[in-house]
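Notes for the one structure printed next.
The values are calculated or read from the model by the stated rules, or taken from the named source; none is laboratory data. This is a predicted model, so every value here is computed, not measured. When we count neighbours, we look across all protein chains shown, and the Cβ atoms used for this are built from the backbone with ideal geometry, even at glycine.
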Amino acid sequence: MENRKILFFDIDGTLLSHRTLQIPESAKKSIRKAKEKGHLVFINTGRTISVVNKEIKELGFDGYICGCGSYIEVDGEVIYSNDIDKSKYAEIINKIEEYDLDVVLEGREAVYYNRDTSTDAILTDFIKNNYPVSTYKDENLQFDKMYMKYGDNENLKDFCDFTKDLFDFIDHGNGGGEMVPKGHSKATGIDFVLNHYNIDDKDSYAFGDSNNDIHMFERVTNSIVMGNGNPELFENATFVTKDIDEDGIEHAMKHFNII
């Protein structure tokens, strides 16, 4: 298809509203319309594939870039997956406990926690939606990414130093952040997919709202920041669309004549 475009969507705060915990109907219809017109649509998320929900999968995405580029699936086939040496698990967990950090270990089969989930909105939502959630003691523990709430914990820097050969730290602000496998990002995932389809950069679009979308925005030609997103991202965006709950996805797609 001539002028086929490829669209990359973050999930939390971009497709999935933090207020309603739902995907707006206008966003669902817009994604389906884009597919009908022959464009490619991809999820590009910090979430691991284990916690990409059924509602999103039912939209018929052409593929998934998960865990900030550490897992890539195209047309139902896994074409890339990064694995952390399991021999490192015990020492990482020991340091988490030594430094008293609140860390969710994220894997392809489940996410694993070490604290009471009742105070964490994301984990509470995962459990409510029957996502695979377990504890560090799970005998099938497997992870390749971490999400943490560090608050005012003074040990964060020491933990980042300890894991620097394996992970890069992305600070989300407000006392939260994620540890991403070294050398991986939403941008490296886009590289992989663009090469797979041999699509020109000028036809690439990314939709996001937060700091872990910065690499994605820098990699594509057309960066769209949600109106509810981090205002620091607005200045360098190609387009700032409306709030997610004000039909922001649909508004942006119409602006770029995608639908």
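Inclusion of Gly69 among residues that are surrounded by fewer than 18 Cβ atoms within 10 Å (Cβ to Cβ) and part of a loop (DSSP other than H, G, I, E, B) is not warranted.
Where helices (runs of 4 or more DSSP H) fall wholly inside the stretch 111-206, the ranges with 1 or more residues that are over 25 Å from Asn53 (Cβ atoms) and at pLDDT 95 or above are 156-162, 186-197.
Report whether or not Asp209 is at pLDDT 95 or above, touching a Gly at 6+ places or on another chain (Cβ under 9 Å), buried (at least 20 other Cβ atoms within 10 Å of the Cβ) and within 29 Å of Tyr112 (Cα to Cα). Spelling it out, Asp209 is indeed at pLDDT 95 or above, touching a Gly at 6+ places or on another chain (Cβ under 9 Å), buried (at least 20 other Cβ atoms within 10 Å of the Cβ) and within 29 Å of Tyr112 (Cα to Cα).
Quick one: in the stretch 17-28, of everything that is at pLDDT 95 or above and surrounded by 15 or more Cβ atoms within 10 Å (Cβ to Cβ), which residue is farthest from Asn53 (Cα to Cα)? Per the criteria, the residue is Ser26.
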